[in-house]
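A.B. asks: Sharing a structure with you now.
The values are calculated or read from the model by the stated rules, or taken from the named source; none is laboratory data. Owing to the predicted nature of the structure, the values given are computational and were not obtained by experimental measurement. Ideal geometry is used to build each Cβ from the backbone, glycine not excepted, and the neighbour counts take in all protein chains shown. For accessibility, only protein heavy atoms count, side chains too; no ligands or nucleic acids. Shrake-Rupley method; radii C 1.70, N 1.55, O 1.52, S 1.80 Å.
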Amino acid sequence: MGRRGAVLGAGLLAAVQLMATPLPALALIPDDDDEEMVQKAKANRQKRLAGEKKAEKEFSRAEGFVDRGSKQDIAAVQLAVNALAKIGESLAQGSIEQANSAAGGLDASKTAASVKTLSLDSASQSAGETAMAELNSLVSALGSGSLDGAKKEYVDTVIALTDWTVKANISGLKGI
């Protein structure tokens, strides 16, 4: 055996020894044992999914598509707009009694819940809260019997509701 055979034999022996020795474990250790990290990961995932859902709703609304739940909420707001139209007509005629009667068809709590559901971002949520506060002020003014106060609150309510529809990207309401 020559020098070449000796070098080849030594190289083969070294390769066999390398394959026989166990390699260090390079596997990732699961973080399931770290409860705090698992909770943080779950919270981040929930937040990301909520953001994606919000973005999808904004996109579909901008493209003119409305889901069934949103249709029901828009219908509730439309009923409030219709009641506001009757209230405004009665106030224009100077009849606080008729306006108060028309306000009986107004379900402020259902309208508020629908406005809150339809408000997808902070600007529309803020505008929705303002609109609902104005609506409650209108109902109070009608209850007090002050025609001038009711007219002022009616105008404020319509302005606030119009502002909300713009910020919430709600289209298709008749009477706004």
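A.B. asks: Tally Lys/Arg at +1 and Asp/Glu at -1 over every other residue whose Cβ is under 14 Å from the Cβ of GLY143; what's the total?
C.D. replies: Summing Lys/Arg as +1 and Asp/Glu as -1 gives -2.
A.B. asks: Based on a Kirkwood Rh over C-alpha pairs, give the Stokes-Einstein translational diffusion coefficient of the stretch 42-176 at 10 °C and viscosity 1.306 mPa s in µm²/s.
C.D. replies: D, rounded to a whole number, is 102 µm²/s.
A.B. asks: Rank these by accessible area, largest first, 1.4 Å probe: VAL77, VAL139.
C.D. replies: Listed by decreasing accessible area, they come as VAL139, VAL77.
A.B. asks: Please work out the FRET efficiency for the pair LYS42 and THR162, using the Cβ-Cβ distance as r and a Förster radius of 45 Å; give the result to the nearest 0.05.
C.D. replies: Calculated value: 0.65.
A.B. asks: So, in nm, how far is label ALA55 from label LEU173 when the simple model puts each one 7 Å beyond its Cα toward the Cβ?
C.D. replies: Result: 2.8 nm between the two label points.
A.B. asks: Next question. Which of ILE74, SER101, VAL115 sits closest to the plus end of the dipole of the stretch 67-131, meaning its Cα is farthest towards the positive end, when Lys and Arg get +1 and Asp and Glu get -1 on the C-beta?
C.D. replies: ILE74
A.B. asks: With every protein chain kept in place and ligands, DNA and RNA left out, what is the accessible area per residue of the stretch 75-162? Probe 1.4 Å, answer in Å².
C.D. replies: 48
A.B. asks: Further question on the same structure: Can you send over the carbon and sulfur percentage of the accessible area for the stretch 112-157, probe radius 1.4 Å, protein chains only?
C.D. replies: 52
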